[in-house]
Amino acid sequence: MSAPDRAGIPLVDLAAAHAEVAAEVRAGFDRVLASGAFVQGPEVAAFEREYAGFTGVRHCVGAANGTDALELALRALDLPPGGGVVLPANTFVATAEAVQRAGLRPVPVDVDPEHLLIDPDRAAAALPAAVALLPVHLFGQLAPMGPLLEVADGRPVVEDAAQSQGARQHGRTAYGRIAATSFYPGKNLGAYGDAGAVLTDDPELADAVRRIGDHGARGKYRHERFGFNSRMDALQAVVLRAKLRRLPAWNAARRAAADRYHALLRPLADAGVLTLPGTAPGNEHVRHLYPVRIAPGRGRDAVLAALHAAGIGAGVHYPVPVHLQPAFAHLGHRAGSFPVAERAARELLSLPLHPHLTEGQQTRVVEELRRALGAGVRSPE
């Protein structure tokens, strides 16, 4: 076993990722600066082709950020104004924001207790009064798309794929009619600022997304539908192209780090003080996050504070479910509405995980976590 690393350990090490791609990014920036093609242009077009090929879909349309990408996907479907869109309560607020911004109504439902992915049975119960289903591929693995497509019963399925870049389910990366992703810097594939994309096999939907994100235009000064400005800039495309070439190896490194955590944390799990994250059947996980669940009574927030004091960059995803956010009080839900998501919000603790995480750093994380929990469990040999 490697010796523990005594330096501070970040939740995500963006500097290490940059060091690996710095030369390619610098050369790409020089190309863009020389060409003057700062918005869209050849670098963006090249990235769109490359990311479409990576995900196995026919069309990829760049956007300014992931929230916009999800809104663009919803708007392109021309859903009835005010219609309900079923989504999990356990997600980042941007999922519900995009629905609201598209003139639709978020309909949160609870998640399954093991993997915290949207529960198909609860989705089915909410769908009769809704116009679309919006599953979230959470923490690095896909929601159960087979059952969800069945319960959708022909309604459009829009996938929030911001946390699943490279993840597969039964060999596939996308199942619904249209998907959106985010390239926020901390994602598995992250830009040097905000960026996002919409993915679809439908050429008409891809064309609609592109037009809506370019002020509804088809050609210069010809605005055929109401739109807004959400275009990817070329400098972000340069970064994404360089990182995309390394994404399969980086995802493999994430999986290896998760496997090491599994081994190191098994005594704590066996002692009942925490629960390890699992992988749903048929999924190939890309470990965007490594969230453990701290047992009730162990004080998740106190454990988090102790880790921070020790220089461990742990985090919580997410401390307040969407339905309890003040911004969505108008939906009429209260504490107790979605108990599985609410319990997860009290228990989840994300440990540092990224492709450049060392074995020594992980040993240190587990050492400090054991100390914070006060479990007194002997370290594995």
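Kindly evaluate A280 against the criterion of being within 30 Å of D301 (Cβ to Cβ), open to solvent by less than 20 Å² (accessible area, probe 1.4 Å) and not in a helix (DSSP H, G or I). Against the criterion (within 30 Å of D301 (Cβ to Cβ), open to solvent by less than 20 Å² (accessible area, probe 1.4 Å) and not in a helix (DSSP H, G or I)), A280 qualifies. Here R364, R293 are screened, and the one residue that is among the basic types (K, R) and open to solvent by less than 20 Å² (accessible area, probe 1.4 Å) is R364.
Among residues of the range 210-230 being under 26 Å from R31 (Cβ atoms) and surrounded by 18 or more Cβ atoms within 10 Å (Cβ to Cβ), the one that is farthest from the chain's Cα centre (by Cα) is D214.
Once the range 310-328 is narrowed to residues that are without any contact (Cβ under 8 Å) to a residue 60 or more places away in the chain and in contact with a helix residue (DSSP H, G or I) (Cβ under 9 Å, 6 or more places away or on another chain), the residue that is most open to solvent (accessible area, probe 1.4 Å) is P319.
Quick one: in the range 40-77, of everything that is of a type in the set (D, E, K, R) and touching a residue at least 24 places away in the same chain (Cβ under 8 Å), which residue is nearest to V25 (Cα to Cα)?
The residue in question is E43.
Can you report the number of residues in the range 166-192 which are on the phi > 0 side of the Ramachandran plot and crowded, with 20+ Cβ neighbours inside 10 Å? Total meeting the criteria: 1.
Could you run through the range 81-96 and say how many residues are over 15 Å from the mean Cα position of the chain (by Cα) and either at negative phi or outside any loop (DSSP other than H, G, I, E, B) (or both)? Result for the range 81-96: 5. One residue stands out in the range 166-185 among those that are of a type in the set (A, V, I, L, M, F, W, C) and not in a strand (DSSP E or B): the one that is nearest to P248 (Cα to Cα), namely A167. Annotation note: of A129, A123, A152, the sole residue that is more than 19 Å from the chain's Cα centre (by Cα), surrounded by fewer than 20 Cβ atoms within 10 Å (Cβ to Cβ) and of a type outside the set (D, E, K, R) is A129. Taken over the range 296-309, the criterion of being surrounded by 15 or more Cβ atoms within 10 Å (Cβ to Cβ) and touching a residue at least 24 places away in the same chain (Cβ under 8 Å) is satisfied by R298, R300, V303, L304, A306, L307.
Candidates are the residues of the range 5-51 that are β-branched (V, I, T), in contact with a helix residue (DSSP H, G or I) (Cβ under 8 Å, 6 or more places away or on another chain) and modelled with pLDDT of 95 or more; the one that is nearest to A64 (Cα to Cα) is V44. Apart from one condition, L104 fits all of (1) under 19 Å from the mean Cα position of the chain (by Cα); (2) of a type outside the set (D, E, K, R); (3) crowded, with 23+ Cβ neighbours inside 10 Å; the exception is (1). Screening the candidates P281, P339, P277 for the property of being over 21 Å from the mean Cα position of the chain (by Cα) and closer than 19 Å to V136 by Cα yields one hit, P339. Examine the range 104-121 for a residue that is out of contact with any helix residue (DSSP H, G or I) (no Cβ under 6 Å at 6 or more places or on another chain) and over 30 Å from L274 (Cβ atoms), and state whether such a residue exists. Within the range 104-121 (the criterion being out of contact with any helix residue (DSSP H, G or I) (no Cβ under 6 Å at 6 or more places or on another chain) and over 30 Å from L274 (Cβ atoms)), the answer is yes, since at least one residue qualifies. The condition of being open to solvent by 20 Å² or more (accessible area, probe 1.4 Å) and at pLDDT 95 or above holds for only one of A253, A258, A242, that being A253. The residue that is nearest to the chain's Cα centre (by Cα), counting only those in the range 3-58 that are part of a loop (DSSP other than H, G, I, E, B) and on the phi > 0 side of the Ramachandran plot, is G56.
Within the range 100-122, is even one residue farther than 20 Å from D78 by Cβ and polar (S, T, N, Q)? There is no residue in the range 100-122 that is farther than 20 Å from D78 by Cβ and polar (S, T, N, Q).
Tell me, yes or no, whether the range 373-380 has at least one residue that is free of Cβ contacts under 8 Å to residues at least 24 places away in the same chain and surrounded by fewer than 22 Cβ atoms within 10 Å (Cβ to Cβ). Yes, the conditions are met somewhere in the range 373-380.
Cβ-Cβ contacts under 8 Å between residues 6 or more apart (or on different chains), taken from a first residue in the range 208-222 that is over 20 Å from A197 (Cβ atoms) to a second residue that is acidic (D, E), are listed as R218/E224. Taking the criterion of being surrounded by 24 or more Cβ atoms within 10 Å (Cβ to Cβ), of a type in the set (A, V, I, L, M) and in a strand (DSSP E or B), the only residue of the range 155-165 that qualifies is V158. For the residues A256, A249, A310, A242, the requirement of being within 25 Å of A16 (Cα to Cα) and touching a Lys or Arg at 6+ places or on another chain (Cβ under 8 Å) singles out A310.
The values are calculated or read from the model by the stated rules, or taken from the named source; none is laboratory data. The shown structure was predicted, so the numbers you read here are calculated from the model rather than taken from an experiment. With ideal geometry, Cβ positions are generated from the backbone for all residues, glycine too; neighbour counts draw on all protein chains shown. Calculation scope for accessible area: heavy atoms of the full protein, side chains included, ligands and nucleic acids excluded. Shrake-Rupley method; radii C 1.70, N 1.55, O 1.52, S 1.80 Å.
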